1. Using the Kirkwood formula over every pair of different C-alpha atoms, what hydrodynamic radius in Å results for the chain?
2. DSSP loop (so not H, G, I, E, B), at most 13 other Cβ within 10 Å: list which GluC sites (Glu not before Pro) in the stretch 291-391 pass both filters.
3. Would you give the gap between the C-alpha center of the stretch 410-467 and the C-alpha center of the stretch 281-336, rounded to a whole Å?
4. Please give the per residue volume of the convex hull enclosing the alpha carbon atoms of the stretch 212-312, rounded to a whole number of Å³.
5. Consider a paramagnetic label point 7 Å from the Cα of Glu322 along Cα→Cβ; state which residues of the stretch 351-371 have an amide N under 17 Å from it.
6. Only sites in a loop by DSSP and with at most 11 other Cβ atoms within 10 Å count here; which chymotrypsin sites (Phe, Trp or Tyr not before Pro) in the stretch 51-98 make the cut?
7. Based only on Cα atoms, what Rg/Rh ratio does the stretch 332-401 have, Rh being taken as Kirkwood's radius?
8. Given a 1.4 Å probe, how much area per residue of the stretch 161-279 is accessible, in Å²?
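The values are calculated or read from the model by the stated rules, or taken from the named source; none is laboratory data. Please read all numbers here as calculations on a predicted model, not as lab measurements. As a convention, Cβ positions derive from the backbone with ideal geometry for all residues, glycine included, and neighbour counts pool all protein chains shown. Note: areas computed on protein heavy atoms with side chains; ligands, DNA, RNA excluded. Shrake-Rupley method; radii C 1.70, N 1.55, O 1.52, S 1.80 Å.
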Amino acid sequence: MQAAALRSAVQQSRRSAFARSARFASTSAKAPTLKERIAELIPVQLENVKAARAEHGKKSFGPVIVDQLYGGMRGLPALIWEGSVLDADEGIRFRGKSIPECQELLPKAPGGSEPLPEALFWLLLTGEVPTQEQVTALSKDWAARASLPSFVEEILDRCPPTLHPMSQFSLAVTALNHDSAFAKAYQQGISKKEYWQPTFEDSMDLIAKLPAIAGRIFRNVYGGGKLPAVELDKDYSYNLANLLGFADKPDFVELMRLYLTIHSDHEGGNVSAHTGKLVGSALSDPFLAFGASLNGLAGPLHGLANQEVLLWLRKMQSKIGEDASDEAVREYVWTTLKGGQVVPGYGHAVLRKTDPRYMAQREFALKHLPDNKMFKLVSQVYNIVPGVLLEAGKAKNPWPNVDAHSGVLLTHYGLDQMNFYTVLFGVSRAFGVAAQLIWDRALGAPLERPKSYSTEAINKMFKDKSA
Ligand code: CMX
């Protein structure tokens, strides 16, 4: 498309977006709600995508080599993911904003200093920093949607406490599909153009209900008494902390705000994000899609690593004692590697430097728990593991990832039930997956269906070519 024609198309679509949003907002001159703002942005983004495809659609990213098919598709450009982009050296940017920038720019709770995850969700969806008023409205909306259908509560209450919290989490999220607005609308023959609206409603319900699911699992498995009610005028992280039984510790609530913000999204190729997008591409509703994400997050090479890190640190302490020397720690790391195991919390499929999500948590620890013994061990490990991994010569990235630090922070406030840690990661990851599902429905993303090959087919293909 010619530049002038493109500009005029974008202006036209902005005008119609405005007209459409005016219908939603006609009752007041207030700032738009999240749904109103998305409705305004959809026609603009449709034009952006159209223009990008017209200009770049036939351009190549370079060759695909056979090793990428066998090697977990590392570096294979294959997905569109709007909310965030991961740079190997710099780490994640949410809609172009680094973690420190988000910490500075996003609205905070009164008296708080960490960003509100509500604001991050708004940013992921719209690319814009919301006002305090918009964030407060979102907190209220989520609190109002938080209650669980009683049959989901019963499913959770019937789970044996020995069933891993992530399996319980996935069961409950999948069961929420019972009330899916998208599934219902689809059965009633909704037009493609409107898919995004029930997807948005389901996504809001999904995110809103996760603290109640997490709180119920936590109390069923570890005790802690009756679940309190969700407080309608409190923010999401406060309510999550309260349901877990930790809201009397303001620093823990702040930790939840930071934790939920930084774990939310890590571009689209990681297992949980990609699984959600893949399953959503079959027009499975957000509950089914995110239930699948959680099953991927529950793997030890992905989100379960936060549980594994603390287990590993505890085992190390029991073997070499607290306040162990650097030499003893180094020896222990080597024993792990020689036993054919990975050092949990270290390495990454994309990152090649220390994960800024690790650094954000380290800053939090330096501010709130500088003398904590386990934090000192985590710091000592940070000084030793990269050297050992480099010497061992296999890992492409010897530096710590997000999971190397979260356990020590949670333990400091008394949340030392390690098997539960990945559930918190899951609550946060819903933000990124849901944001992309909404955009996928708005932009009419197709069913995912890449091509696979057998080894025989590859051998034959290249034999034929060299003949
Ligand atoms: N400890 C020991 N060996 C490691 C390692 C680690 N922390 N990280 C990588 N390696 C090994 C790999 O197992 C692989 O060995 P083989 O050739 O024998 O298979 C080799 O180094 C090359 O791997 P890589 O290309 O550097 O890493 P991958 O992209 O294949 O895997 C990851 C990335 C995260 C799975 C890997 O670094 C790992 O297992 N780390 C520990 C688990 C972990 O912390 N996972 C959480 C990641 C963040 C998240 O998703 O939550």
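1. 23.6 Å
2. Passing both the DSSP loop test and the Cβ count: Glu322.
3. Each part's Cα centre sits 18 Å from the other's.
4. Dividing the Cα hull volume of the stretch 212-312 by its residue count gives 134 Å³.
5. Label zone hits: 369-371.
6. Phe61
7. 0.99
8. 38 Å²
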